[in-house]
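Worksheet for the structure shown next.
The values are calculated or read from the model by the stated rules, or taken from the named source; none is laboratory data. Given the structure is predicted, the values throughout are model-derived calculations rather than measurements. Cβ placement follows ideal geometry from the backbone for every residue including glycine, while neighbour counts extend to all protein chains displayed.
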Amino acid sequence: MARVVVDVMLKPEILDPQGQAVQRALPRLGFDGVSDVRQGKRFELELAGPVDEAALDRVREMARTFLANTVIEDFEVRVEEER
Amino acid sequence: MARVVVDVMLKPEILDPQGQAVQRALPRLGFDGVSDVRQGKRFELELAGPVDEAALDRVREMARTFLANTVIEDFEVRVEEER
Amino acid sequence: MSLDTVKHAAGTPHDAQPWAELGLKEDEYERIRVILGRRPTGAELAMYSVMWSEHCSYKSSKVHLKQFGEKAPASDALLVGIGENAGVVDVGQGYAVTFKVESHNHPSYVEPYQGAATGIGGIVRDILAMGARPVAVMDPLRFGAADHPDTRRVLPGVVAGIGGYGNCLGLPNIGGEVVFDSCYQGNPLVNALCVGVMRHEDIHLAKASGTGNKVILYGARTGGDGIGGVSVLASETFSHPSPPTTPSGDATHHPLPGPAKRPAVQVGDPFQEKLLIECTLEVFAEDLVAGIQDLGGAGLSCATSELASAGSGGMRVDLDTVPLRDASLSPEEILMSESQERMCAVVRPENVDRFLEICAKWDVIATVIGEVTEGDRLEIFWHGEQIVDVPPRTVAHEGPVYRRPLARPAWQDALQADDAAALPRPAGPEELREQVLRLTASPNQAAKTWITDQYDRYVLGNTVLAQPEDGGMIRIDEETNLGVAIATDGNGRYAKLDPYAGAQLALAESYRNVAATGARPLAVTDCLNFGSPEDPAVMWQFAEATRGLADACRTLGTPVTGGNVSLYNQTGESAIHPTPVVGVLGVIDDVSRRTPMAFRTEGQLIYLLGDTAGEFGGSAWSQVIHGHLGGLPPRVDLERERLLAEVLIAASRDGMIDAAHDLSDGGLIQAVTESCLKGGRGARLVVPEGLDAFTFLFSESAGRAVVAVPRGEEVRFTDMCRARSLPATRVGVVDGDAVEVQGQFTLPLAELREAHEHTLPALFA
Amino acid sequence: MTTRVGVVTFPGSLDDRDAARAVKLAGAEPVALWHGDKDLHQVDAVILPGGFSYGDYLRCGAIARFSPVMETIIAGARAGLPVLGICNGFQMLCESHLLPGALTRNDHLHFICRDQRLRVENAGTAWTADYAEGQEITVPLKNGEGGYVADEGTLDELEAEGRVVFRYLERNPNGSRRDIAGICNPAGNVVGLMPHPEHAVEALTGPTTDGLPFFTSVLKKLVSA
Ligand SMILES: Nc1ncnc2c1ncn2[C@@H]1O[C@H](COP(=O)(O)OP(=O)(O)O)[C@@H](O)[C@H]1O
Ligand SMILES: [Mg+2]
């Protein structure tokens, strides 16, 4: 079965305090060389029916109106093979 | 430049109240046919140096000890071309 | 694997069973066989093992806890005593209040956020199960050294979890404690207290009576999380899983008869719990419930066996009907699952439809899973086959009881002989000033605002006092202004020096804190946090502390109404300091008469109530300045505590004082500093006749408080103290914008504030 | 006839009782509205209270926005019904695009509960008429996601039209752009803010009683209308 993944990230121009906090903590934990961190959300959806273009369109609509707030967030929809 | 992505999801047997809330809301919004939703975190890391195996190992270590709590979460590290 | 039914078990007496892996001792397993007259089924073994664990059965502590009942003072206020989900206290005007403190220590070390969050969730369900609307929470916390890297992992997560869950439930957080000490490294203490309010007639008990009544499970679906949390996390076989910052962290898995290994940490869903609260209060209001029990440790095993054993009949449960989040769960796992946000109600058949309707309104899943039967057995079925057939009392109440060996530790004498009075004292005013600053900036004495600002203290609109006041205070009737106040305290350093006195001092401080707000102390709840009961020294500490607490409760007339024991707070050989945390509940007829701690008005007179002796054993001064712990803790004088409380209450009621703050760790200078900073006013202090400045400022003698008296009330107030023979010494005046000790030093408020408020943000922000 | 002010309860609403108490103290009649009921029961104004509707999962206010009662409220608001969104209510108003912008995670990443000083920048809205322009007040603030963001164009427009109703003073508690604590729609009938005026209506339980004018403002406006 295939799974549809929706990644939601803050738009680049919006401050991402969570990502920044992670980045700031890394050197303290001994991890150097990470120049930027952004933190967002990942949704994994299992669809009951086939994952065709029509289904993906519905997921895109869902992402645009609900899973993401497009005032501040971008999203990406993709199909992922079950791991 | 390549970007390393770390996806962190709750283990399948752990309650995911956020995913459940989304799933329960979907039919009310007119989206049917989604049989399961899990919500997790997505971290996008920019590395200062080359993204080689050594670097990825460091990111994996970072994910295991810091970005995820492996008592309740699984993670996956992968390289993604800049979109 | 085929199903291990009762019939199958009876026919296969010699099948090997994993009793040891489940934390049972051989003689315990034998006893189960004797009780049942056969070997237990897998499901029965699962139930006994969780219910007979230390956490659920109190097998090591029971013989000592008995004193709380035996020595309980006669109290008209006690409506429901020890043994129920929580005790219930009459506070007048037809109102009853229920409160209880519980621990969630180990889970909070493994997963700080979720461990602490589900700690709040669990205690709130206990209160709800009594029939009460939860109205506030508190959180006594202990962490390792403030500057230890692991504290940086644990503390922010714990605080965020308590806030995340409590804020989302809409319960104001009105107080708690934060103490740092390296003895808690690896064993942080996360205790959680909840208080609820109801009318007398609304008290509900956990019992299943009335043949034919239905058993309804409602709330979250049952999942695989937290299975074995009870037996693993609270049993002697527990070995610490490493925190996520070090390798090899999977010791939270627990061997089970079921197919898969499941993690022993649960994730909380406060939103689900909020719905559970509203829905439960609505079914109470319509009187639809004959008995009710929350699901906490040991999940359905606990709820069904406790409900059945408290009722008059038996119970039959069809486990297939339990709504699952994970269809692959075995019946054993369903019985042991500690999935959060679930409750179990016993409902008369004619009320079932309405009950389910209310659950549906709140979007809460509710399922009839069984019924009360005529017999006296708890019978559980799976796919029509019987897998459990037990006398419920043997599961819930007749577990093993141990009288474990105890011995006063060999080091106790040396520790007590190492008198703090011998430590070098400040040489002159300059050094004294410098030590005052160091003390007020030390993590234990510093302002906890960085933590408490993460908690909602306003929600519900009835919070009259909250942190940093001595006690939290909640209005419970908006018309009459009736209210309650609660404080929690527990000084592990004192208890280490003398566990008997230490427990009494914990009670005394908490009692004093409540009285300082103007409320009359009524009842006690306690959480006893100790090391391993298998160490005779720890067991001695436990025995001494319980004896001390029970004796003191009798003297002060405040019965213990309930509480919790947390043992095995220990890594290897090193146990935490014995840490009895004591919560005291008080009542106040008119909350508008409460006494806050802030010095707000210039010119008011500062009086010190009580006697000051040179007592530095276990003091903050000995810890901060010398890194020392030794000697004896402050002397306990319960009659004095009672007298002090009477004066504080009378002075509040009659409007003789405008501020009061009890003296505890850090001594007088710490209390005055806090009252000054809160009110934004300075103080001029004079060292009283017969005391040196150092003792005056830093001694931790018990039974004391400072108050601010308006000049016009001075005569009336001092007359009252004299009439009651309570020493009251005028030690200064509220004045200016500095704390000045005449002839010694001056500390501007701004400098004090910087020292006091900077520490925690610098460590954790 | 008494003025009826509806207070909506969503699953997870927390400050609904407090809002109702404030309405009553102001002399109006609080009317409990239920998220699943489209009917507004002839109320003259609506308050969307604070709390964690639907657990605030996904985003604060994102799920509540789609509840039946919101359909009617959105239509009513467009037609001039006075609507006040407090905290979670403000988040709902933004999610449902009755107000521009969005509320994001506090820049310090913590929930914060504190007594917050504010300046009333616009005393002309349905909910602020009883204040003086420029008046400084103190009311509790308590949230985890209170950082107001909008693009520069929107922010400029809000400023130009006087639709920034409240600004944080002394310390910006959450990283809000331009210290914005509350805004209104162009008509001034819809107001949203992060701080909680309903927790500052009684001296005994609040830091001040500076929140009361919110509730008397709308009362006066409705009576004079
Ligand atoms: N974890 C916490 N949660 C809530 N309030 C806390 C917490 N820790 C400390 N406080 C509050 O901070 C204030 C000072 O604490 P403390 O010095 O321990 O008080 P006391 O010495 O009077 O017992 C008290 O009001 C207490 O309730
Ligand atoms: Mg105190």
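Restrict the check to region C:315-322 and report whether at least one residue is within 28 Å of the chain's Cα centre (by Cα), of a type outside the set (Gly, Ala, Ser) and crowded, with 24+ Cβ neighbours inside 10 Å. No, every residue in region C:315-322 fails to be within 28 Å of the chain's Cα centre (by Cα), of a type outside the set (Gly, Ala, Ser) and crowded, with 24+ Cβ neighbours inside 10 Å. All of (1) within 16 Å of ligand 2 (Cβ to nearest atom); (2) within 12 Å of another protein chain (Cβ to nearest Cβ) hold for C:Gly471 with one exception: (2). In this structure, is C:Ala613 modelled with pLDDT of 95 or more, outside any loop (DSSP other than H, G, I, E, B) and more than 14 Å from chain D (Cβ to nearest Cβ)? No. Taking each residue of region C:650-670 that is within 16 Å of C:Arg716 (Cβ to Cβ) and looking for partners that are aromatic (Phe, Trp, Tyr) and within 16 Å of ligand 1 (Cβ to nearest atom) with beta-carbon atoms closer than 9 Å, six or more apart or interchain, yields C:Asp658/C:Phe599. Of everything in region C:497-523 that is surrounded by 24 or more Cβ atoms within 10 Å (Cβ to Cβ) and of a type in the set (Ser, Thr, Tyr), the residue that is nearest to ligand 1 (Cβ to nearest atom) is C:Ser510. Of the strands (runs of 3 or more DSSP E) entirely within region C:73-175, those holding at least 3 residues that are in contact with a Leu (Cβ under 6 Å, 6 or more places away or on another chain) occupy C:87-92, C:95-103, C:133-143.
The residues in region D:1-15 that are of a type in the set (D, E, K, R) and surrounded by fewer than 24 Cβ atoms within 10 Å (Cβ to Cβ) can be counted, and the count is 1.
Taken over region D:177-212, the residue count meeting the criterion of being of a type in the set (A, V, I, L, M), closer than 25 Å to D:Ala77 by Cα and surrounded by fewer than 24 Cβ atoms within 10 Å (Cβ to Cβ) is 2.
Quick check, is C:Ser675 of a type outside the set (A, V, I, L, M, F, W, C), under 20 Å from C:Ser701 (Cα atoms), out of contact with any Asp or Glu (no Cβ under 6 Å at 6 or more places or on another chain) and within 16 Å of ligand 2 (Cβ to nearest atom)?
yes
Taking region D:44-68, which residues are facing chain C (nearest Cβ under 9 Å), in a loop (DSSP other than H, G, I, E, B) and in contact (Cβ under 8 Å) with a residue 60 or more places away in the chain? Of everything in region D:44-68, just one residue is facing chain C (nearest Cβ under 9 Å), in a loop (DSSP other than H, G, I, E, B) and in contact (Cβ under 8 Å) with a residue 60 or more places away in the chain, namely D:Gly50. Scanning region C:487-511 for residues that are within 16 Å of ligand 2 (Cβ to nearest atom) and either farther than 27 Å from C:Glu615 by Cβ or assigned to a loop (DSSP other than H, G, I, E, B) (or both) yields C:Gly490, C:Asn491.
Report yes if C:Ile649 is away from ligand 2 (no atom under 13 Å from the Cβ) and within 18 Å of C:Gln445 (Cα to Cα), otherwise no.
no
Just one of the numbered conditions (1) assigned to a strand (DSSP E or B); (2) within 14 Å of ligand 1 (Cβ to nearest atom); (3) aliphatic (A, V, I, L, M); (4) in contact with a helix residue (DSSP H, G or I) (Cβ under 7 Å, 6 or more places away or on another chain) is not true of C:Ile474: (4). Residue by residue through region B:9-65, note down the ones that are more than 11 Å from chain C (Cβ to nearest Cβ), β-branched (Val, Ile, Thr) and assigned to a helix (DSSP H, G or I). If the condition is that a residue be more than 11 Å from chain C (Cβ to nearest Cβ), β-branched (Val, Ile, Thr) and assigned to a helix (DSSP H, G or I), then B:Val22, B:Val59 are the ones that fit. The combined condition, being among the polar types (S, T, N, Q) and in contact with a Cys (Cβ under 9 Å, 6 or more places away or on another chain), is not fulfilled by D:Asn106.
Only a single item in (1) at the interface with another protein chain (Cβ under 7 Å from one of its Cβ atoms); (2) among the aliphatic types (A, V, I, L, M); (3) free of Cβ contacts under 8 Å to residues at least 60 places away in the same chain is not met by B:Ile72, and it is number (3).
Would you be able to say whether some residue in region C:138-152 is surrounded by fewer than 22 Cβ atoms within 10 Å (Cβ to Cβ), touching a residue at least 60 places away in the same chain (Cβ under 8 Å), within 28 Å of C:Val80 (Cα to Cα) and within 16 Å of ligand 2 (Cβ to nearest atom)? Within region C:138-152 (the criterion being surrounded by fewer than 22 Cβ atoms within 10 Å (Cβ to Cβ), touching a residue at least 60 places away in the same chain (Cβ under 8 Å), within 28 Å of C:Val80 (Cα to Cα) and within 16 Å of ligand 2 (Cβ to nearest atom)), the answer is no, since none of the residues qualifies. Screening the candidates A:Arg58, A:Arg3, A:Arg78 for the property of being at pLDDT below 95 and within 13 Å of the chain's Cα centre (by Cα) yields one hit, A:Arg78. Can C:Leu281 be described as surrounded by 24 or more Cβ atoms within 10 Å (Cβ to Cβ), touching a residue at least 24 places away in the same chain (Cβ under 8 Å), within 14 Å of chain D (Cβ to nearest Cβ) and within 27 Å of the chain's Cα centre (by Cα)? Taking the combined requirement at face value, the residue does not satisfy it. Considering only region C:512-538, how many residues are touching a strand residue (DSSP E or B) at 6+ places or on another chain (Cβ under 8 Å), assigned to a loop (DSSP other than H, G, I, E, B) and more than 16 Å from ligand 2 (Cβ to nearest atom)? Qualifying residue count for the region: 4. Among the numbered conditions (1) more than 38 Å from the chain's Cα centre (by Cα); (2) of a type outside the set (Phe, Trp, Tyr); (3) within 25 Å of C:Arg635 (Cβ to Cβ), the only one that C:Leu685 does not meet is (1).
Hey, could you check region C:678-704 for residues that are aromatic (Phe, Trp, Tyr) and within 25 Å of C:Gln504 (Cβ to Cβ) and say which is nearest to ligand 2 (Cβ to nearest atom)? Filtering first and then ranking leaves C:Phe698.
The number of residues in region C:148-168 that are more than 8 Å from chain D (Cβ to nearest Cβ) and either under 25 Å from D:Asn88 (Cβ atoms) or within 12 Å of ligand 1 (Cβ to nearest atom) (or both) comes to 9. Of the residues C:Ala208, C:Ala192, the single one that is away from chain D (no Cβ under 14 Å), more than 16 Å from ligand 2 (Cβ to nearest atom) and more than 18 Å from the chain's Cα centre (by Cα) is C:Ala208.
Inspect region D:125-132 for any residue being under 17 Å from the mean Cα position of the chain (by Cα), among the small types (Gly, Ala, Ser) and surrounded by fewer than 22 Cβ atoms within 10 Å (Cβ to Cβ) and give the result as yes or no. Yes, the conditions are met somewhere in region D:125-132. Of the residues C:Trp450, C:Trp411, the single one that is out of contact with any helix residue (DSSP H, G or I) (no Cβ under 7 Å at 6 or more places or on another chain), away from ligand 2 (no atom under 16 Å from the Cβ) and aromatic (Phe, Trp, Tyr) is C:Trp411. Give the residue, chosen from C:Val464, C:Val459, that is more than 9 Å from ligand 1 (Cβ to nearest atom), assigned to a strand (DSSP E or B) and over 26 Å from C:Leu763 (Cβ atoms). Answer to the check: C:Val464.
Summed over region D:125-162, residues that are farther than 16 Å from D:Gly211 by Cα and either more than 9 Å from every other protein chain (Cβ to nearest Cβ) or not in a loop (DSSP other than H, G, I, E, B) (or both) total 17.
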